[in-house]
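To start, the structure itself, in structure tokens.
The values are calculated or read from the model by the stated rules, or taken from the named source; none is laboratory data. Keep in mind the model is a prediction, meaning the values are calculated, not measured. Cβ coordinates were reconstructed from backbone atoms using ideal geometry, including for glycine residues, and neighbour counts include every protein chain displayed. Accessible surface areas use protein heavy atoms only, side chains included; no ligands, DNA or RNA. Shrake-Rupley method; radii C 1.70, N 1.55, O 1.52, S 1.80 Å.
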Amino acid sequence: KSQKSNNKTRSKIRTNITLNEIKKAQKEWGNAIQNITNDYFDKKNYVKTAKEAINQLYGYDKTIVLFKPTKAVEHPFRPTKNGALSYFVGHKAIKGGFTEDKGFAINSGMGWKSVTFKNNKVRLNGNEATAMGTYVFTNATSGKKVKVYYTLGYKRSNDGKIRIYLHHSSLPFSSK
């Protein structure tokens with residue numbers, strides 16, 4: 001490959017993250033949750049689907065990932081791929097999973113029909129960006145909707161793809 005080809009790659013990597021890229025990454029994340037659910041229901045290898053999604057969507061192996069899942073108490077932070085995988089597919093599906101994990105991406109066996117993002121604010125900062133807002137998960141079994149708050153940080157990886165390096169989500173506070 002020529003010098004010209006290398007320059008194209010470098011310029012792509014240095015390109016500022018755009019709002020459209022953030023929206024596309026969010027759609028890909030929501031689709032990944034649905035794909036994991038679908039594979040779980042279809043008795044396909046949903047763990048493999050989840051591993052592939054984590055590799056594509058998160059910056060593990062490329063940068064430090066700060067992941068604080070919604071429903072994690074005993075192990076509230078997931079700095080490793082295996083910790084993230086445990087959260088998404090449940091501790092029983094993998095070796096070394098955390099017993100508190102019931103499988104968020106499969107909704108403890110009920111699955112998710114859809115995930116809808118609503119950004120409150122997005123801060124674009126060169127090859128990094130941060131988005132904050134709500135996502136609504138629709139239960140595949142009951143149709144019930146669950147609103148969750150998120151903060152997502154994105155960074156452009158050396159291959160030019162933006163990936164999540166910060167993921168914090170929480171359920172709305174209830175004084176009940």
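Could we say that L171 is aliphatic (A, V, I, L, M) and either under 15 Å from W29 (Cβ atoms) or without any contact (Cβ under 8 Å) to a residue 40 or more places away in the chain (or both) here? Even if it seems obvious, please write down each step before you answer.
Numbers: aliphatic (A, V, I, L, M): yes; either under 15 Å from W29 (Cβ atoms) or without any contact (Cβ under 8 Å) to a residue 40 or more places away in the chain (or both): no.
So L171 does not fit the description; no.
Give the residue that is least open to solvent (accessible area, probe 1.4 Å), with candidates limited to residues of region 139-173 that are of a type outside the set (A, V, I, L, M, F, W, C) and over 20 Å from L57 (Cβ atoms). Spell out how you get there, then give the answer.
Kept after step one, since they are of a type outside the set (A, V, I, L, M, F, W, C), are these residues of region 139-173: 139, 141-145, 147, 149-151, 153-161, 163, 165, 167-170, 172.
Filter again for over 20 Å from L57 (Cβ atoms), leaving 139, 141-145, 147, 172.
Working: N139: 13, T141: 98, S142: 82, G143: 33, K144: 134, K145: 134, K147: 98, P172: 47 Å².
Restricting to residues being of a type outside the set (A, V, I, L, M, F, W, C) and over 20 Å from L57 (Cβ atoms), the top hit is N139.
Pick out the one residue from A50, A105, A84 that is under 21 Å from V136 (Cα atoms), modelled with pLDDT of 95 or more and in contact with a Leu (Cβ under 7 Å, 6 or more places away or on another chain). Working first, answer last.
Values: A105 fails: in contact with a Leu (Cβ under 7 Å, 6 or more places away or on another chain); A84 fails: in contact with a Leu (Cβ under 7 Å, 6 or more places away or on another chain).
Exactly one of A50, A105, A84 is under 21 Å from V136 (Cα atoms), modelled with pLDDT of 95 or more and in contact with a Leu (Cβ under 7 Å, 6 or more places away or on another chain), namely A50.
Say we look at region 71-99 and pick out the residues that are crowded, with 16+ Cβ neighbours inside 10 Å and of a type in the set (S, T, Y); which of these is farthest from V146 (Cα to Cα)?
Per the stated criteria, the residue is S86.
Can we say V73 is part of a strand (DSSP E or B) and either under 23 Å from K48 (Cβ atoms) or of a type outside the set (D, E) (or both)?
Details: part of a strand (DSSP E or B): no; either under 23 Å from K48 (Cβ atoms) or of a type outside the set (D, E) (or both): yes.
Taking the combined requirement at face value, the residue does not satisfy it.
Of the residues K176, K102, K113, which is in a loop (DSSP other than H, G, I, E, B), open to solvent by 70 Å² or more (accessible area, probe 1.4 Å) and closer than 16 Å to I33 by Cβ?
Working: K176 fails: closer than 16 Å to I33 by Cβ; K113 fails: in a loop (DSSP other than H, G, I, E, B).
From the options K176, K102, K113, the qualifying one is K102.
Give region 117-151 a look and list any residue that's farther than 13 Å from L19 by Cβ, in contact with a helix residue (DSSP H, G or I) (Cβ under 8 Å, 6 or more places away or on another chain) and of a type in the set (A, V, I, L, M, F, W, C), or say none.
F137, A140, listed by residue number.
Pairs only if they're at least six apart or on different chains, beta carbon under 9 angstrom, first in region 117-131 and on the phi > 0 side of the Ramachandran plot and of a type outside the set (S, T, N, Q), second open to solvent by less than 100 Å² (accessible area, probe 1.4 Å) and part of a strand (DSSP E or B); list them, first residue then second.
G126/R156
Quick one: would you say T141 is over 17 Å from the mean Cα position of the chain (by Cα) and among the hydroxyl-bearing types (S, T, Y)? Before the answer, list the steps.
Values: over 17 Å from the mean Cα position of the chain (by Cα): yes; among the hydroxyl-bearing types (S, T, Y): yes.
Yes.
Return the only residue of N20, N55, N16, N45 being of a type outside the set (G, A, S), closer than 20 Å to S169 by Cα and either surrounded by fewer than 15 Cβ atoms within 10 Å (Cβ to Cβ) or at pLDDT below 95 (or both). Don't jump to the end; show me each part of the working.
Details: N20 fails: closer than 20 Å to S169 by Cα; N16 fails: closer than 20 Å to S169 by Cα; N45 fails: closer than 20 Å to S169 by Cα.
Just a single option satisfies the conditions, and that option is N55.
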